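The values are calculated or read from the model by the stated rules, or taken from the named source; none is laboratory data. None of the values given here were measured: they were computed from a predicted structure. For neighbour counting, all protein chains shown are included, and Cβ atoms are generated from backbone atoms with ideal geometry for every residue, glycine included. Surface accessibility is based on the protein's heavy atoms, side chains included, excluding ligands, DNA and RNA. Shrake-Rupley method; radii C 1.70, N 1.55, O 1.52, S 1.80 Å.
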Amino acid sequence: VQLQASGGGLVQAGGSLRLSCAASGRTFSMSIMGWFRQAPGKEREFVAAMARTGASTKYADSVKGHFTISRDFAGNTVYLQMNSLKPEDTAVYYCSGRNGRRVAVESNEYDYWGQGTLVTVSS
């Protein structure tokens, strides 16, 4: 499985960005897709994830209400709509995938990773 993330950039506080993650290859082996982020000097943290069927989603408390994860009809592309961005949302955002029934929040439970896309929110 290959994951290709895109959509990062520089935005002012209060602005919006939409990240995309396109999956290719043996995607049948990947039932859950999600996003993690890593700010400078910090650990990688969970942001949001969903089942590729769309049956379930999960969000980190810090992004609930202003980030939304969604997918395309085929479930091969996952999006992260980020609204009301804050400087503390600045990080490299990584797309991830795993095979399983549970929408996991621990990074070590994910098998597939994209290359990361940088989001910078200026104050």
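Below are the figures for this structure:
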| quantity | calculated |
| --- | --- |
| Relative contact order of region 1-119, defined on C-alpha pairs under 8 angstrom at six or more residues apart (%) | 35 percent |
| Residue-by-residue Karplus 3J(HN,Hα) for region 108-113, coefficients 6.51, -1.76, 1.60, Hz, glycine and proline x | 6, 8, 9, 9, 10, 9 |
| Integer Hz, Karplus 6.51/-1.76/1.60 couplings in order for region 55-71, x for Gly and Pro | 6, 8, 9, 8, 10, 5, 4, 5, 10, 4, x, 10, 10, 9, 9, 8, 9 |
| Listed residues LEU17, LEU118 arranged by accessible area, highest first, probe 1.4 Å | LEU118, LEU17 |
| Probe 1.4 Å, all protein chains present, accessible-area order of LYS86, LYS64, largest first | LYS64, LYS86 |
| Environment charge of ARG101, counting only residues whose C-beta is closer than 14 Å and scoring Lys/Arg +1, Asp/Glu -1 | +3 |
| Probe 1.4 Å, protein heavy atoms only - accessible area per residue of the chain in square angstrom | 51 Å² |
| Accessible area (Å², 1.4 Å probe, nearest 10) - THR77 | 30 Å² |
| Low-density loop positions, GluC sites (Glu not before Pro), region 18-123 - DSSP coil, at most 15 other Cβ in 10 Å | GLU43, GLU106 |
| Karplus-derived 3J(HN,Hα), 6.51/-1.76/1.60, for each residue of region 81-87, Hz, glycine and proline x | 8, 10, 10, 6, 5, 10, x |
| Largest-first ordering by accessible area, 1.4 Å probe, given options ASP61, ASP111 | ASP61, ASP111 |
| Net charge of neighbours whose Cβ lies under 13 Å from the Cβ of THR27, counting Lys and Arg as +1 and Asp and Glu as -1 | +2 |
| Kirkwood Rh and Cα Rg combined as Rg/Rh, the chain | 0.94 |
| Radius 14 Å from Cβ of PHE36, net charge of other residues (Lys, Arg +1; Asp, Glu -1) | -1 |
| Amide H within-cut-off set for LYS86, under 5 Å, with H built and near neighbours excluded | GLY14 |
| Selection of chymotrypsin sites (Phe, Trp or Tyr not before Pro), region 5-106, meeting DSSP coil and at most 11 other Cβ within 10 Å | PHE73 |
| Placed amide H near GLY100: partners under 5 Å, 5+ positions off or other chain | SER31, ILE32 |
| For MET50, solvent-accessible area (1.4 Å; no DNA, RNA or ligand), Å² | 10 Å² |
| Carbon and sulfur %, accessible surface of region 1-95 computed with the full protein complex present, 1.4 Å | 49 percent |
